[in-house]
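One structure below.
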Amino acid sequence: MSAALFDSVDELLPHSGEMVLISDVTYWDDESTCVVVHQVGTSVFADDEGNVPAWVGVEYMAQAVAIFAGIQAKLNDQPIRLGFLLGTRRYSSYVSSFPKNTRLDIRVNRQFFEENGIALFACSIYAGEKLLAEADIKAIQPDNVDELIGR
């Protein structure tokens, strides 16, 4: 892990503004990444009390996967490319919402990668040592993304 690889998560995600939900990257290697979400109650998804519904965990996981892909691109001197969430299997949340002012640690571990750009990741969300949610996330990063989105 090299701190000089990137200055902020903004460099690694195609999102912008308040849709960047990840606060920081704490670890990465060739098969995994750990990121942090600081719940401050100001998220676009927060309710009146500042809690974020547990279903937003899928987006946290998807952004963590995108950060994994962005880091791999930077390590290989390639541009950051757009990817797509294909789906999730067995999203299990053990809480109804993520409480205001809670630090969430999102861990992603690559399970497989196919030459056509499809990858499967085992993802989990923790608050400290407590497991809050987990799922398998399938994503794709096609080579012809400009054609797919009409650019």
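The values are calculated or read from the model by the stated rules, or taken from the named source; none is laboratory data. Being a predicted model, the structure only gives us computed values, none of them experimental. Methodologically, a virtual Cβ is constructed for each residue, glycine included, from the backbone with ideal geometry; neighbour enumeration extends over all protein chains shown. All accessible areas refer to the heavy atoms of the entire protein, side chains included, with ligands and DNA or RNA removed. Shrake-Rupley method; radii C 1.70, N 1.55, O 1.52, S 1.80 Å.
List of remarks:
- Rounded tilt (10° steps) of 57-75 against the dominant C-alpha axis of the chain: 40
- Once the convex hull of all Cα atoms in the chain is built, its volume per residue stands at 118 Å³.
- At most 11 other Cβ within 10 Å, DSSP loop - GluC sites (Glu not before Pro), segment 1-58: E49
- Accessible area per residue, Å², segment 1-83 with all protein chains present, probe 1.4 Å: 50
- Mean Cβ count within 10 Å, highest first, over the residues of peptides 100-106, 37-43: 100-106, 37-43
- Computed on segment 67-134, with alpha-carbon pairs under 8 angstrom and 6+ residues apart, the relative contact order is 27 percent.
- Segment 52-99 and segment 121-141 have Cα centres spaced 8 Å apart.
- Candidate aspartates and glutamates - alpha carbon under 17 Å from K74, same-chain residues fewer than 8 apart omitted: D7, D10, E11, D24, D29, D30, E31, D143
- Fluctuation leader among I22, I67, I80 - the chain, Gaussian network, Cα springs under 10 angstrom: I80
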